[in-house]
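As structure tokens, the structure follows; a few thoughts come after it.
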Amino acid sequence: MMHTTTKKPSFFSILWSFLKLSPISFGGGYAIFPSIEREVVDRRRWLSGQELSETLSLASAAPGGVGVNAAILLGHRLNGVSGAVAAGIGAILPTFFIVLAVFFAYMRFGDSPKVRGALSGVTWGVITLILFSALRMGRTAIKDKFTLLLMLGGLICLFAGLSPVYLIVAGIVISIVATLFKQRNENKREASRTVEEGYMYFI
């Protein structure tokens with residue numbers, strides 16, 4: 001079992017990590033998740049896999065660019081507002097300049113067959129990264145039959161054309177109700193066990 005560090009990472013260590021991650025995470029969005037996991041969990045050991053999965057789930061549920069959302073939420077979890085600012089700067093600045101460079105290059109060489117072939121290859125690479133991220137997150141997110149059924153139901157609804165917003169809201173509501181129901185049952189069992197123990201004590 002991997003242990004995480006207890007010391008908060010500094011502003012500059014968080015900034016440097018996300019400055020490194022941003023340029024090499026082709027495709028952005030969900031494609032950046034494997035790189036984040038290698039840096040934050042495997043290399044730095046700032047968070048556990050479970051903690052990372054929870055944070056990335058929140059980033060996916062929030063509006064806006066999921067890659068930037070993930071960076072800001074992770075930075076905040078690591079070192080509060082200072083960490084969020086560091087991670088946000090690290091995630092945005094390199095991408096901004098790279099996108100400008102790619103845009104000007106595409107405007108000049110976009111009609112080249114080699115460029116079109118390269119873009120096609122990048123597309124398949126990004127799809128692979130997204131699938132890899134989904135599988136890695138699924139290992140921690142799918143804990144039992146209930147969460148598996150939620151995932152399958154969500155996939156069916158997505159293929160049926162339902163808006164992701166409704167799925168997120170429904171997932172939150174269903175999970176809250178299920179948690180409350182489970183907690184109530186556990187409290188009942190605990191109360192029943194206490195009564196039985198008290199009865200046996202008097203006997």
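The values are calculated or read from the model by the stated rules, or taken from the named source; none is laboratory data. Everything numeric in this text was worked out from a predicted model, so none of it was measured. Note that we place each Cβ from the backbone using ideal geometry, even for glycine, and neighbour counts take in every protein chain shown. Please note that ligands, DNA and RNA were not included when accessible areas were found on the heavy atoms of the full protein model with its side chains. Shrake-Rupley method; radii C 1.70, N 1.55, O 1.52, S 1.80 Å.
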Q) Only one of (1) part of a helix (DSSP H, G or I); (2) within 16 Å of Ile14 (Cβ to Cβ) is not met by Phe96, so which one is it? A) (2)
Q.
For the range 60-81, which positions are touching a Phe, Trp or Tyr at 6+ places or on another chain (Cβ under 9 Å) and of a type in the set (A, V, I, L, M, F, W, C)?
A. Val66, Ala70, Ala71, Leu74, Leu78
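Return yes or no: is Leu78 open to solvent by 40 Å² or more (accessible area, probe 1.4 Å), closer than 19 Å to Arg38 by Cα, part of a helix (DSSP H, G or I) and at pLDDT 90 or above?
Values: open to solvent by 40 Å² or more (accessible area, probe 1.4 Å): no; closer than 19 Å to Arg38 by Cα: yes; part of a helix (DSSP H, G or I): yes; at pLDDT 90 or above: yes.
For Leu78, the condition - open to solvent by 40 Å² or more (accessible area, probe 1.4 Å), closer than 19 Å to Arg38 by Cα, part of a helix (DSSP H, G or I) and at pLDDT 90 or above - is not met.
In the range 26-40, which residues are in contact (Cβ under 8 Å) with a residue 24 or more places away in the chain and open to solvent by 10 Å² or more (accessible area, probe 1.4 Å)? Step through it out loud before you land on a result.
At the first step, the residues of the range 26-40 found to be in contact (Cβ under 8 Å) with a residue 24 or more places away in the chain are 26-34, 36-37, 40.
Passing the criteria: Phe26, Gly27, Gly28, Gly29, Tyr30, Ile32, Glu37.
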Q) For Thr147, are the conditions met, namely being hydroxyl-bearing (Ser, Thr, Tyr) and modelled with pLDDT of 75 or more? A) yes
Q) Restricting attention to the range 153-185, which residues are among the polar types (S, T, N, Q) and surrounded by fewer than 10 Cβ atoms within 10 Å (Cβ to Cβ)? A) none
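Kindly check whether there is at least one residue in the range 78-91 that is closer than 19 Å to Ala141 by Cα, free of Cβ contacts under 8 Å to residues at least 40 places away in the same chain and among the small types (Gly, Ala, Ser). Break it down into steps so the answer makes sense when it comes.
Of the range 78-91, the ones closer than 19 Å to Ala141 by Cα are none.
Scanning the range 78-91 turns up no residue that is closer than 19 Å to Ala141 by Cα, free of Cβ contacts under 8 Å to residues at least 40 places away in the same chain and among the small types (Gly, Ala, Ser).
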(Q) Quick check on this structure: which one of Leu52, Leu47, Leu21, Leu56 is more than 10 Å from the chain's Cα centre (by Cα), modelled with pLDDT under 90 and open to solvent by less than 60 Å² (accessible area, probe 1.4 Å)? (A) Leu21
Q. Among the listed residues Ile89, Ile156, which satisfies the condition of being under 24 Å from Thr55 (Cβ atoms), modelled with pLDDT of 70 or more and part of a helix (DSSP H, G or I)?
A. Ile89
Q: Look at the range 140-152 and say how many of its residues are surrounded by 11 or more Cβ atoms within 10 Å (Cβ to Cβ) and either within 19 Å of Gln50 (Cβ to Cβ) or in contact (Cβ under 8 Å) with a residue 60 or more places away in the chain (or both).
A: 8
**Q.** Filter result (of a type outside the set (Ser, Thr, Tyr), open to solvent by less than 80 Å² (accessible area, probe 1.4 Å) and either within 18 Å of Ser53 (Cα to Cα) or out of contact with any Lys or Arg (no Cβ under 9 Å at 6 or more places or on another chain) (or both)) within the range 95-112
**A.** Ile98, Leu100, Ala101, Ala105
Q) Can we say Gly117 is at pLDDT below 85, in a helix (DSSP H, G or I) and surrounded by 16 or more Cβ atoms within 10 Å (Cβ to Cβ)? A) no
